[in-house]
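Trainee: Below: one structure in structure tokens.
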Amino acid sequence: MNSGKTLLITGGCGFIGSNLVRIALASGYSVINLDKLTYAGNPCSLADVENDPGYTFIHGDICDGELLDEIFREHQPDGILHLAAESHVDRSIDGPEAFIQTNIVGTFRLLEAAKKYWKSLPEEKKNSFRFLHVSTDEVYGSLGPEGFFTEETPYAPNSPYSASKASSDHLVRSYYHTYGLPTVTTNCSNNYGPCQFPEKLIPLVLNRALKGESLPVYGDGMNIRDWLYVEDHCRALLTVLEKGRPGETYNIGGNSERTNIHIVRTLCGLLDEFRPREDGRKYEEQITFVPDRPGHDRRYAIDASKIKSELGWQPRETFETGIRKTVRWYLENSRWTESILDGTYRCERLGLGEGAKS
Ligand code: NAD
């Protein structure tokens, strides 16, 4: 337990953030959640903890330097877990501007405010303070059939999203080397689990399957991602916060490389088991192949041996156990999905923007 320590979590109303806030509170931390509530931020994901005495929600933008100074002055956090971001690759193809603003400028403003605050701290608190920047394996580009991303893999981002995350990773690194701010960066693979906005593959497929709609699979469906159960990721983040060495980066993966078509077929099979179609047919019949995403990276795979050997973290879920839990969660919480599907998003195809290469 970590009672007494206060964490500032940015983007805590998003998918990973909401799971992290819950796990951090359960681990004894107090949590300040700063979130702008973009289309991806849903306070209803945290309805169960909103009255927890250790939880404070602040509605605001990480680009607002004055607000950040005020938060640091008032709440005196012992560490920051920075998750706020524009996170959807397809949206970055249609409109990169917001990605530059939040992911790069916002991270810069947070670093500036954190540096000012950190410098003012007494020695003991200064030494234990950490700025944990949450990033993605997409900064490393695309892999062929063999090999894994390690912490030494050169950066080669291919989408405006991954380029904006790569930029923020470099800024974070520079604040450690230039100013001594004790930063740590994590690069993780695709997360799945409860409370994911239904534009991402797994909730999108579940939602459309249950409505009897087509299940779009990009290209030939053979793109490979390494899937990580979101709660395993959150436990890894708290491990890095507590034990990670300043200036280091840690890759986090779930040891679960799967093709997109395998994911979709697995979801169809679990729906056949948990909620069979009324007409007796199989959900797989709803699968359709659609033109590929522009610049679609072929394969990502993470070598997570550093965090395992240095910090002793291990994922608790295999893909098979995690995906069963996930499907059950979406079936039992259909009101959560309905409550966030307002007039602005209807599970339509994004990411074919005019500027995109076809
Ligand atoms: P998400 O899109 O579900 O949530 C992002 C949250 O950030 C939302 O609550 C949103 O309201 C908030 N936000 C956006 N702009 C903001 C701003 N300017 N100020 C304050 N809050 C703002 O994202 P996620 O999937 O939970 O991802 C969280 C982090 O993890 C991101 O940094 C993302 O790049 C990284 N990541 C995600 C995955 C994944 O599979 N989901 C994989 C690797 C890395």
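Trainee: Checking N42 against (1) modelled with pLDDT of 95 or more; (2) closer than 21 Å to F99 by Cα, which single condition isn't satisfied?
Mentor: The failed condition is (1).
Trainee: Related question: Does region 120-138 hold any residues that are in a helix (DSSP H, G or I) and open to solvent by 40 Å² or more (accessible area, probe 1.4 Å), and which are they?
Mentor: Hits for region 120-138 are E123, E124, K125, K126, N127, S128.
Trainee: Mind counting the residues in region 79-109 that are near the ligand (Cβ under 9 Å from one of its atoms) and free of Cβ contacts under 8 Å to residues at least 12 places away in the same chain?
Mentor: Here the count works out to 0.
Trainee: Moving on to the next point. Given the conditions (1) among the acidic types (D, E); (2) touching a strand residue (DSSP E or B) at 6+ places or on another chain (Cβ under 6 Å); (3) open to solvent by 10 Å² or more (accessible area, probe 1.4 Å), report the number of the one that D226 does not fulfil.
Mentor: Unmet for D226, out of (1) among the acidic types (D, E); (2) touching a strand residue (DSSP E or B) at 6+ places or on another chain (Cβ under 6 Å); (3) open to solvent by 10 Å² or more (accessible area, probe 1.4 Å): (3).
The values are calculated or read from the model by the stated rules, or taken from the named source; none is laboratory data. Only a predicted model underlies this, so the values are computations on that prediction, with no experimental measurement involved. All Cβ positions, glycine included, derive from the backbone under ideal geometry; neighbour counts span all protein chains shown. Side chains are part of the model used for accessible areas, which takes the heavy atoms of the whole protein and leaves out ligands, DNA and RNA. Shrake-Rupley method; radii C 1.70, N 1.55, O 1.52, S 1.80 Å.
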